[in-house]
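The block underneath contains the structure these notes are about, expressed in structure tokens.
The values are calculated or read from the model by the stated rules, or taken from the named source; none is laboratory data. Keep in mind it's a predicted model, so treat the numbers as computed, not measured. In this analysis, Cβ positions are derived from the backbone assuming ideal geometry, glycine residues included, and neighbour counts consider all displayed protein chains.
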Amino acid sequence: MRTVALSLLVFILSTTGTAQYLTENTNPNEVTTWYEEGERAYRAGDHAMAVVWYTRVIDRDPGHLNAHLQRGFCHSLMKDHVKAVADFSAVIASKDDHIWAYTSRGSSYSKLGEHDLAIADFNKVLTLDPKNEEAYNNRGWARKATGDQAGACKDWNTSKRMGNAEAKIILTNNRCK
């Protein structure tokens, strides 16, 4: 009951402009509590409430990379890819070798139709982790969207050789050799 009441209070405060008070009058343990509440909401599938909690954390601690990453995942799941890109970019700005941030931002760029930016992110992932079958698979889709069918097929073949079970179907459906 306390969690529900606290969640409701945070939601009300976030929409009434008094969230500033909460942010400025907290201790570090509250930030941890807010992050944990965000995680609970995320796992429960309440992505909008998770965003409220993660935003609370970020307002208090802008360098909290996990809160940015998780909020980015929530934005992506809610199909707000512009906000997702912003969160993943914040992670990358602080940690330029964060594979999940590049992978997720690349996927969001693809959903926004920014396929060249997506390809650049998947290239970065493959520079950091040359055996990342997901990056090959996703880069294949981005390449296909730009009209590079040969490059797409090459990526999907690489993903298949690495063990991606879906790649065989993708290769067949896209008439790759």
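Computed quantities for the displayed model
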| quantity | calculated |
| --- | --- |
| Filter pass, Asn132 being modelled with pLDDT of 95 or more, surrounded by 18 or more Cβ atoms within 10 Å (Cβ to Cβ) and more than 30 Å from Glu36 (Cα to Cα) | no |
| Options Ala84, Ala50; residue that is over 11 Å from the mean Cα position of the chain (by Cα) and surrounded by 24 or more Cβ atoms within 10 Å (Cβ to Cβ) | Ala50 |
| Any chance Gln20 is at pLDDT 95 or above, assigned to a helix (DSSP H, G or I) and either of a type in the set (S, T, N, Q) or farther than 27 Å from Gly113 by Cβ (or both) | no |
| Search result, residues across the stretch 135-173 that are over 24 Å from the mean Cα position of the chain (by Cα) and hydrophobic (A, V, I, L, M, F, W, C) | Ala150, Cys153, Ile169, Leu171 |
